[in-house]
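Q: What follows is a single structure, and I will ask about it in a moment.
The values are calculated or read from the model by the stated rules, or taken from the named source; none is laboratory data. For clarity, every value in this text was computed on a predicted model and none was experimentally measured. We place every Cβ from the backbone using ideal geometry, glycine too, and count neighbours over all the protein chains shown. The accessibility values were calculated without ligands, DNA or RNA, using every heavy atom of the protein model including side chains. Shrake-Rupley method; radii C 1.70, N 1.55, O 1.52, S 1.80 Å.
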Amino acid sequence: MILIFKVCNILKNKFLSKENIFIFDLEYNLYSESNLKIKLENIVYFQSGIFLKPDINADIYYLQASHFDEYGRFNPMVMPALQLSNIPQKHLLNSGDVLFAAKGLNNFAVTYKEAIGKAVASSAFVVLRITEEFKDKIHPEYLVWLLNHPNTKGLLYQHLAQSTIVSVSIQNLKTMEINIPDMKTQDLVIRIQNLRNREKELLKQITTLKDTFIQKLLLTASK
């Protein structure tokens, strides 16, 4: 039992210390007046995902919101659902495309990566593709972090489009103004967010191990 608590503290200190290495520079750079402030419609192309029925003999993926976990990782157990020969070229995703789950209240952004395999976004997503002009000015993972930030979601929720399904409209995404710091600062944001996600994941695992151990002790003591 003592060992589990020690492991927990070591991991917490390890990850929090790594975050602290970057945090002072980050706070200054992220809100610098020299940063570029611009509307999303000026830096990305927007495209809605499409609704398609599954194909027999499928060879490419048809991405759904449920295919990604809370850290934006693709579930490797998902199977292809569409045939490449039936898909218009414009709907095939490019590595670095940002997928925003716009329908419902569980809105989140993820980055499509080539390692997933050829894929198409379902109608649950809006696809954001950074323009050639801005590819060297904004990192897709930084854009994902911005879209997932609570402040951003708060702004978007003020303008939710309500029909039969509550959704964030492309128009509201287009007019959203974002802050673009230099690439070094963006890299720091991404690194810290990744460390934070890893920390949360490890703490969940530690909590599960502690609960299992305690329940085992209680069961043994009750006999």
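Q: Can you give the Kirkwood hydrodynamic radius of the stretch 67-116 from its Cα pairs, in Å with one decimal?
A: Computed over the stretch 67-116, the radius equals 12.5 Å.
Q: Dipole of the stretch 98-223 (Lys/Arg Cβ +1, Asp/Glu Cβ -1, origin at the Cα centre): which of Leu195, Thr175, Leu128 lies farthest to the positive side?
A: Leu195
Q: Which of Pro150, Ile87, Asn75 sits closest to the plus end of the dipole of the stretch 73-165, meaning its Cα is farthest towards the positive end, when Lys and Arg get +1 and Asp and Glu get -1 on the C-beta?
A: Asn75
Q: Okay, next question. Once phi is turned into θ = phi - 60°, what whole-Hz ³J(HN,Hα) does the Karplus curve with 6.51, -1.76 and 1.60 give for every residue of the stretch 200-217, x standing for Gly and Pro?
A: In residue order, the calculated couplings are 4, 5, 5, 5, 5, 5, 5, 4, 4, 5, 4, 4, 4, 5, 5, 5, 5, 4 Hz.
Q: Turning to a different aspect of this structure: Any idea of the accessible area per residue across the stretch 31-165, 1.4 Å probe, to the nearest Å²?
A: 57
Q: In addition: Answer rounded, prolate or oblate for the stretch 138-223, using the Cα gyration tensor with square roots of eigenvalues a ≥ b ≥ c: rounded when a/c is under 1.5, else prolate when a/b is larger than b/c, else oblate.
A: In terms of gyration-tensor shape, oblate.
Q: Treating the Cα atoms of the stretch 90-180 as identical point scatterers in vacuum, please give the log10 of the normalised Debye intensity I(q)/I(0) at q = 0.20 Å⁻¹, two decimals.
A: -1.01
Q: Given an 8 Å cut-off on Cα distances and at least 6 residues of separation, report the relative contact order of the stretch 66-149 as a percent.
A: With pairs under 8 Å counted, the relative contact order is 28 percent.
Q: For Asn107, enumerate residues with amide H under 5 Å from its amide H, sequence gap 5+ or separate chain, H modeled in the peptide plane.
A: For Asn107, whose amide H was placed from the backbone, there are no distant partners under 5 Å.
Q: Continuing with the same structure: I'd like the accessible area for Met79, computed on protein heavy atoms only with a 1.4 Å probe and all protein chains in place. Round to 10 Å², please.
A: My reading of the accessible area for Met79 is about 140 Å².
Q: What do you reckon, how do Glu177, Glu201 stack up by accessible area (1.4 Å probe), largest on top?
A: Glu177, Glu201
Q: If you don't mind, another one. Just read off the accessible area of Ser123 with the full protein assembly in place, 1.4 Å probe, to the nearest 10 Å².
A: Counting only protein heavy atoms, the figure is 40 Å².
Q: Can you work out the FRET efficiency for the pair Asn194 and Lys223, with r the C-beta to C-beta distance and R0 = 41 Å, to the nearest 0.05?
A: 0.35
Q: Follow-up. Using unit Cβ charges (K, R positive; D, E negative) and no other charged atoms, how large, in debye to the nearest 20, is the dipole of the stretch 87-206 about its Cα centre?
A: 320
Q: Pull up all non-local amide H partners of Ala119: gap of 5 or more, or a different chain, and H-to-H distance under 5 Å with H placed in the peptide plane.
A: Tyr61, Leu93
Q: From a point 7 Å beyond the Cα of Asn75 in the direction of its Cβ, which residues of the stretch 54-69 have a backbone N at a distance under 11 Å?
A: 64-69
Q: Taking the Cα centre of the stretch 184-223 as origin, sum charge times position over the Cβ atoms of Lys and Arg (+1) and Asp and Glu (-1), and report the length of that vector in debye to the nearest 20.
A: My answer is approximately 40 debye.
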